[in-house]
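Structure first, commentary second.
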Amino acid sequence: MTVLPAPEPDSAAAADPAAAAEPALSLSEWIVLGLVCEGPTHGNAVAALVGRDGELGRIWHVHRAVVYRSLDRLTDLGLIRSAGEQHSTQGPVRALVEATTAGRAAAVPWRQRPVRHTRDIRSELLVKLALLHRAGTDPHDLVVAQHAQLVPIAAALQDRVAVATGFDRTLLLWRYETATATLRFLDALVLTP
């Protein structure tokens with residue numbers, strides 16, 4: 001894939017004005033918001049998806065208490081709202097939540113935005129790919145954008161590894177190998193039908 005390298009931004013706001021306007025959420029809160037954007041749901045259903053054995057929990061495990069705190073915070077921020085109740089013969093009444101227009105407006109571009117730091121590739125990039133898959137959205141734009149972001153980072157890391165010593169070299173080598181492995185992974189995703 002041919003991509004013109006771009007310099008790594010010093011700040012999210014400088015790199016992407018939309019990122020400056022988005023809410024400051026933790027990865028766990030973004031995941032909860034992304035799942036609520038799929039349609040009305042309740043905390044227990046979200047907690048099951050992000051639990052240790054859940055579809056998204058295999059990538060980024062979120063404790064049940066954090067799910068409920070995230071739902072409260074997202075409500076306070078106006079990104080989700082109450083959507084009634086779900087009655088069941090097998091358990092308590094569940095409080096349903098749904099995404100607001102502002103919640104969907106925040107979640108959609110976040111899912112398509114490339115990960116900024118190599119340290120977050122394994123968690124955040126895979127979560128975004130999983131959420132896009134669940135939404136039936138083609139990840140091509142995210143894959144291409146992530147590739148473009150990583151090319152100059154990998155090149156800079158390679159130069160730094162060449163002159164580093166001690167543990168600095170170990171850490172830089174780890175980051176370089178992570179970046180180049182991710183580039184190969186992204187190339188393979190583009191080539192996979």
(message) Compute the angle between helix 27-36 and the longest alpha-carbon principal axis of the chain, please, reported from 0 to 90 degrees and rounded to the nearest 10.
(response) 50 degrees
(request) Quick one: among 21, 95, 135, which has the greatest mean-square fluctuation in a GNM of the chain with alpha-carbon springs under 10 angstrom? (result) 21
(request) Specify the angular offset, from 0 to 90 degrees and rounded to the nearest 10, of the alpha carbon long axis of helix 126-135 from the longest principal axis of the alpha carbons in the chain. (result) 50 degrees
(request) Using Rg and Dmax of the Cα atoms in Å as the read-out, say which of (i) 68.8, 207; (ii) 16.3, 48; (iii) 18.8, 66 was calculated from these coordinates. (result) (iii)
(message) Given the -39500 (n - 2.57) contribution per DSSP H run of 4+ residues, what per-residue ellipticity at 222 nm results for the chain, rounded to the nearest 500 deg cm²/dmol?
(response) -18000 deg cm²/dmol
(request) List, in order, the whole-Hz ³J(HN,Hα) value for each residue of the stretch 105-112 obtained from phi through the Karplus relation with A = 6.51, B = -1.76, C = 1.60 and θ = phi - 60°; use x for Gly and Pro. (result) 5, 7, 5, 4, x, 4, 4, 8
(request) Give the longest segment of the chain that steers clear of trypsin sites (Lys or Arg not before Pro) in DSSP loops with at most 13 neighbouring Cβ atoms within 10 Å, not counting the sites themselves. (result) 59-193
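Every read-out reported here was derived from the displayed coordinates using simple, explicitly stated rules and does not represent laboratory data. Computed from a prediction, not measured in an experiment: that's the story for all the values here. Please note: Cβ atoms are built from the backbone with ideal geometry, for glycine as well, and neighbour counts cover all protein chains shown.
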